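Here is the structure we will look at.
Computed from the coordinates by the stated procedures, all read-outs in this text should not be read as laboratory data. Keep in mind that this is a model prediction, so the values were computed, not measured. A quick note on method: Cβ atoms are made from the backbone with ideal geometry, for glycine too, and the neighbour counts reach across all protein chains shown.
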Ligand SMILES: Nc1ncnc2c1ncn2[C@@H]1O[C@H](COP(=O)(O)OP(=O)(O)O)[C@@H](O)[C@H]1O
Ligand SMILES: [Mg+2]
């Protein structure tokens, strides 16, 4: 995917507001043509600011942004080959849907006949054909968002920026819209850069995700890599559910590190660590098995009492608390209609997983 | 259902009708007698003089103290009173020019205060709003002194004789336009502006196609307020008007000094009607329903 020059290149970009707020802190990343790229992070981590700098509404305090190889520092927002779907959708309330979609063409002097044709085409694309005559206040939230999408796409930008496009929709519609956006991106072949604080959204839609915290990019990777190989405690904790244990390096042999965790004993797993340094050991809830009897020696195991069971339909989360008060969450798939020996609160069980399914985190 | 009417199988069961008066809720002010009384008294105090004024403009009595029958005579008389009509034309001319200039100025001020950050902005904003709070009499004296001091030319041809009154009116009425427009700008979603530029529009196009259409109800309301203020202003006009530039309120005042004839009532009634119409229109343009319709999005 990384052939040719990146469509967006962000180089050591920092954005400060006043003296104290550093919204974006020394970010460098490349976004390639045709990618579905996600900026993911908790609220306030600087995602919107980064997006607005790409769109040209904010100027970087330091660093450089290149779009299609061109330095954007002197280029006004209305001259950039990109378009944005705003968080509030920003549909013009006094114009009809068709006028909204045609607006970007009208102000750049595209002939009237062509405007009508392209606007109609764009409305078809977002499945709003025939609604061109309506006013925005006659539309639902989801439809207004489609207007915002059509309005941006009609300009045929090189990159489409989307700021939290799904956050205002209800759960059902949000899921449908995730698929819809992916379909749309395939249909038009435009690079999408989406901002979200919802990890599920990012994981299900994007090819690559940049996870941000406090204005910095913590990890940039495809979804599966991010999920299975988070590179720090923050990413591990932010993406999906994770059991985190604090441990110590007890020895290093080649590619493997021998770690010691209180209550879990010693085991080795692949990774890097400093001799006798503090490390984090992480394991996903679905990698943990529940056993009535003591598991084999080659499994990492800890005994505890079931403190809570949360049923989610397709799966259940079982929370097991061990002697030291740590709670380990275990994800069980509800594969059969009736789960045979049901786990109930108060059961004494073993939690066990293969050492290789756990992850060594040094930061 | 007729079962309850006595023909039911239960046989002769008497229907108990409970029609207790519901208790007055804490927020049902209209159902409390003292509240109604207060409201009624307030309206009476406010409107009784005006209603009397209008009614007595139809009084067929020169001395206009007791009712002597209905007539349109004094409207006719007022219409034929050349100096009264001249004053009325003056008033309209001043109001129209004032409305045009004050509206443009007020909109520009409102946008400048909303759009830009500049040193001394707070002070500027305060000074802009000063004419709203300064006592009119002070404003009038100040205007008179000012025009006398700079030696504003007198004896100019017609519309120009009114120029100093126009300037005075513009000075005190444009802040009202600015306040009205500013109020509407508060609800403006700035992402609309960003979206417009993002779609390729220039600053000017954004102003023309997005901001101004959004502001239109506020601008119209502000213009109507400026019109009303100018049309019925007495104090400031009185101090700036020369012998050849008499406006309707000033003229009415001078007529009252001799005697309150129904002619005065008639002229005042016309002024009231124009003012009320303008005010009602202004309120309609500012109404919440129009606002909601304008900015939902
Ligand atoms: N115009 C601004 N002025 C001052 N601080 C701002 C401005 N915009 C954003 N910030 C601050 O920058 C940080 C990042 O904001 P933002 O990019 O909106 O975060 P996100 O979109 O990830 O929630 C926040 O702490 C926010 O308060
Ligand atoms: Mg944001």
Worksheet, complete the sentence: Relative contact order in percent for chain A (Cα pairs under 8 Å, 6+ apart) equals 15
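How big is the range A:119-176 by the Kirkwood estimate over distinct Cα pairs, in Å? Display every interim value, and only then the final one.
Working: mean 1/r = 0.0823 Å⁻¹.
Radius from the Kirkwood sum: 12.2 Å.
Fewest Cβ neighbours within 10 Å first, please rank B:228, B:103, B:161 accordingly.
Values: B:228 22, B:103 25, B:161 18.
By the 10 Å Cβ count, ascending, the order reads B:161, B:228, B:103.
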Discussion item. Between 0 and 90 degrees, rounded to the nearest ten: what's the tilt of helix B:82-115 against the longest Cα principal axis of chain B?
Written reply: 80
Worksheet item: Thinking of the range A:264-339 as a set of Cα atoms, what percent of all their pairs are more than 16 Å apart?
Response: 60
Practice prompt. Quick one: among A:343, A:211, A:147, which has the greatest mean-square fluctuation in a GNM of chain A with alpha-carbon springs under 10 angstrom?
Written response: A:343
Worksheet item: log10 I(q)/I(0), Debye, Cα-only chain A, no solvent, q = 0.11 Å⁻¹?
Response: -0.86
Practice prompt. Show that you can apply the helix-only estimate: for chain A, add -39,500 (n - 2.57) for every DSSP H stretch of four or more residues, divide by all residues, and state [θ] at 222 nm to the nearest 500.
Written response: -7000 deg cm²/dmol
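What does the convex hull of the Cα atoms of the protein assembly as shown come to per residue, in Å³, rounded to a whole number?
Details: hull volume 221.6 nm³, N = 660.
Taking the convex hull of the Cα positions in the protein assembly as shown, it is 336 Å³ per residue.
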Item to complete: Run through the DSSP bridge list for chain A and note the antiparallel percent, rounded to the nearest 5.
Response: 80
Worksheet, complete the sentence: Looks like chain B, by Cα gyration tensor root eigenvalues a ≥ b ≥ c and the a/c under 1.5 rounded cutoff (else prolate when a/b is bigger than b/c, oblate otherwise), is oblate
Worksheet entry | D (Stokes-Einstein, µm²/s), Kirkwood Cα radius, the range A:150-241, 0.692 mPa s at 37 °C | 231
Response to the item:
The helix B:212-231 Cα axis meets the longest alpha-carbon principal axis of chain B at an angle in degrees, between 0 and 90 and rounded to 10, of 70
Worksheet item: Within 10 Å of each Cβ of A:73-86, how many other protein chain Cβ atoms are there on average?
Response: 3
Worksheet entry | Relative contact order [Cα under 8 Å, 6+ residues apart], chain B, whole percent | 27
Worksheet item: With the contact rule set at Cα under 8 Å and sequence spacing of 6 or more, what percent relative contact order holds for the range A:2-56?
Response: 31
Worksheet item: In degrees from 0 to 90, rounded to the nearest 10, what is the angle of the helix A:171-188 Cα long axis to the longest principal axis of chain A?
Response: 60
Discussion item. I'd like the antiparallel share, as a percent to the nearest 5, of DSSP beta bridges with both residues in the range A:150-222.
Written reply: 50
Practice prompt. Mind jotting down the distance between the C-alpha centroids of the range A:105-127 and the range B:80-96, whole Å?
Written response: 53
Worksheet item: Ranked by Cβ crowding within 10 angstrom, fewest neighbours first, how are B:207, A:72 ordered?
Response: B:207, A:72
Fill in: Listed residues A:352, A:236, A:210, most fluctuating in chain A (Gaussian network, C-alpha, under 10 Å)
A:352
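Okay, helix-only estimate at 222 nm for chain B: each DSSP H run of n ≥ 4 adds -39500 (n - 2.57), divide by all residues, round to 500 deg cm²/dmol; what do you get? Display every interim value, and only then the final one.
Working: 14 runs with 205 residues, N = 297.
Roughly -22500 deg cm²/dmol at 222 nm, from the helical runs in chain B.
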Fill in: Span from the the range B:134-185 Cα centroid across to the the range A:135-157 one, whole angstrom
48
Fill in: Per-residue Cβ neighbour rank within 10 angstrom, fewest leading, A:311, B:74
A:311, B:74
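Under the 0.36 nm per residue contour assumption, what length would be gained going from the current alpha-carbon distance of residue A:28 and residue A:225 to full extension?
Details: separation 197, 0.36 × 197 = 70.92 nm, distance 1.96 nm.
Stretched out fully, the residue A:28 to residue A:225 stretch lengthens by 69.0 nm.
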